[in-house]
1. Pull up the range 81-115, narrow it to residues that are out of contact with any Asp or Glu (no Cβ under 9 Å at 6 or more places or on another chain) and of a type in the set (A, V, I, L, M, F, W, C), then point me to the one that is farthest from A33 (Cα to Cα).
2. Do you know which residues across the range 1-53 are outside any strand (DSSP E or B), free of Cβ contacts under 8 Å to residues at least 24 places away in the same chain, in contact with a Ser or Thr (Cβ under 7 Å, 6 or more places away or on another chain) and open to solvent by 60 Å² or more (accessible area, probe 1.4 Å)?
3. Name, by its number, the condition in (1) open to solvent by less than 40 Å² (accessible area, probe 1.4 Å); (2) within 23 Å of F29 (Cβ to Cβ); (3) in a loop (DSSP other than H, G, I, E, B) that does not hold for Y79.
4. Scan the range 63-72 for residues that are loosely packed, with under 14 Cβ neighbours inside 10 Å and either small (G, A, S) or touching a Phe, Trp or Tyr at 6+ places or on another chain (Cβ under 8 Å) (or both) and jot them down.
5. What's the number of the only condition in (1) polar (S, T, N, Q); (2) in a strand (DSSP E or B); (3) surrounded by fewer than 17 Cβ atoms within 10 Å (Cβ to Cβ) that N96 fails to meet?
Amino acid sequence: QVQLVESGGGLVQPGGSLRLSCAASGFAFSLHAMTWYRQAPGKERELVARITSPDSTNYADSVKGRFTISRDNVKRSVYLQMNSLKPEDTAVYFCNAQLYAIAYWGQGIQVTVSS
């Protein structure tokens, strides 16, 4: 079955960096786009970054120039490098794979940006 497992979250000070990872299994990883979403308390889930296959990327305006999405098809993983973090980046971050008509989600991982 499809599994997406996020790691790498935590607490970081404003201006700091974190790297999120998402390990995927159960589907042809290299053939599908992968997406990071986030959901802050009291807000709707929003798209953060997407990477297709081959590697075309797009980002939410709020993270352009600070976040970088990448993938390693051999390791079946997608990454989100987050730099210059701001308190408003605080959220639960989710890894997503849209496999035709079905959306698969990881369990989510907390990122907290606070001094």
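1. Looking at residues that are out of contact with any Asp or Glu (no Cβ under 9 Å at 6 or more places or on another chain) and of a type in the set (A, V, I, L, M, F, W, C), I get L85.
2. L31
3. (3)
4. Correct list: G65, D72.
5. (3)
The values are calculated or read from the model by the stated rules, or taken from the named source; none is laboratory data. Predicted model, so just to flag it, every value in this text is computed and none were measured. For neighbour counting, all protein chains shown are included, and Cβ atoms are generated from backbone atoms with ideal geometry for every residue, glycine included. We work out accessible area using only protein heavy atoms, side chains counted, and drop any ligands, DNA or RNA first. Shrake-Rupley method; radii C 1.70, N 1.55, O 1.52, S 1.80 Å.
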